Amino acid sequence: MKHYHYESILKAISEERKSLAILIDPDKFTVSETASFLQQLPTETTHLFVGGSTDANGHTEATVKALKNHSQLPVILFPGDHTQITEFADAILFLSLLSGRNPEYLVGQQLKAVEKLKASKLEVIPTGYILVDGGTESAVARVSNTKPLSQNNTSKIVHTAIAGEFMGAKLIYLEAGSGAINPVKSIIISEVKKAVNIPLIVGGGIKTETQQQTAYTAGADLVVMGTAFEK
Ligand code: 1GP
């Protein structure tokens with residue numbers, strides 16, 4: 001399997017370019033408005049992520065197809081579960097929810113995804129997914145029935161990230177949860193960045209350019225913004 005999209009994240013880091021992913025939740029997206037949606041995105045957008053904790057209406061595939069039709073940006077799946085996999089995307093963040101203790105989200109959903117992934121050309125990117133407390137109950141916590149890590153326990157978050165790297169993750173995703181009141185703190189971003197040798201994604205509750213820059217300055221290689229671009 002080619003690892004083109006992962007390699008391009010590494011390349012951006014080596015060239016000191018920061019990445020910005022806009023997260024599109026298929027449940028809240030109107031396919032007929034794809035073109036105008038894409039027009040309002042920041043010019044520095046590098047990736048389109050597609051996913052949500054749930055996709056009750058099964059809109060993921062239509063959303064991915066519409067984005068691929070209207071944009072050259074890589075479309076990367078950020079699935080809440082195995083039903084959100086579609087071969088029409090470019091890659092998938094193959095998440096393991098390392099902050100939680102629910103086997104279904106550590107390895108169960110991953111097993112259910114295998115058949116579909118084997119039959120597709122999707123680039124699979126192993127991702128250690130770490131949910132931290134964003135100040136309000138997140139959809140991730142609710143759906144996965146797991147607790148976020150406290151943002152006061154930096155060392156536990158750092159150790160979780162290192163364990164993820166030891167287990168083979170190629171990315172660490174520090175998540176405060178969609179719509180978080182408190183995004184991931186700078187001290188946590190910088191300590192995790194220092195501790196691991198793989199790219200660091202940060203998302204959840206980042207709504208302004210200032211917050212985005214703060215995350216970059218602390219050490220995020222890629223920032224994810226979703227809610228800020230929803231209507
Ligand atoms: C959620 O990290 C993403 O999984 C983005 O969060 O919707 O708060 O930007 P927001």
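The values are calculated or read from the model by the stated rules, or taken from the named source; none is laboratory data. Keep in mind that this is a model prediction, so the values were computed, not measured. Backbone-built Cβ (ideal geometry, glycine too); neighbour counts: all protein chains shown. For the accessible areas, the whole protein counts, side chains as well, though only heavy atoms, and no ligand, DNA or RNA atoms are used. Shrake-Rupley method; radii C 1.70, N 1.55, O 1.52, S 1.80 Å.
Between residue 166 and residue 111, the contour length at 0.36 nm per residue exceeds the Cα-Cα span by 17.8 nm. For labels at residue 83 and residue 16 in the simple 7 Å Cα→Cβ model, what's the distance in nm? If labels sit at residue 83 and residue 16, their model points lie 4.7 nm apart.
Got a number for carbon plus sulfur as a percent of segment 4-229's accessible area, 1.4 Å probe? C and S atoms contribute 53 percent here. Annotation: amide H of residue 80 within the under-5 Å range of 52, sequence separation 5 or more or interchain, hydrogens built in the peptide plane. Residues 216, 4, 105, ordered by accessible area of protein heavy atoms at a 1.4 angstrom probe radius and largest first, appear as 4, 105, 216.
Partner lysines whose Cα lies under 29 Å from the Cα of residue 18, excluding those fewer than 8 positions away in the same chain, are identified as 2, 28, 65, 68, 121, 156, 170, 185, 193, 194, 207, 231. Would you please state the base-10 log of I(q)/I(0) at q = 0.08, 0.14, 0.15 1/Å for the chain, with intensities from the Debye formula using one equal scatterer on every alpha carbon? With no solvent term, the Cα-only Debye profile gives -0.25, -0.83, -0.97. Please identify the trypsin sites (Lys or Arg not before Pro) of segment 71-178 that satisfy two criteria: DSSP loop assignment and at most 15 other Cβ atoms within 10 Å. Which are they? Qualifying residues, ordered by number: 101, 121.
Think of a 1.4 Å ball rolled over the protein heavy atoms: segment 92-231 then has 46 Å² of accessible area per residue. Figure the gain on full extension for residue 227 and residue 152 (residue separation times 0.36 nm, minus the Cα-Cα span) and round it to one decimal in nm. Answer, rounded to one decimal: 24.5 nm.
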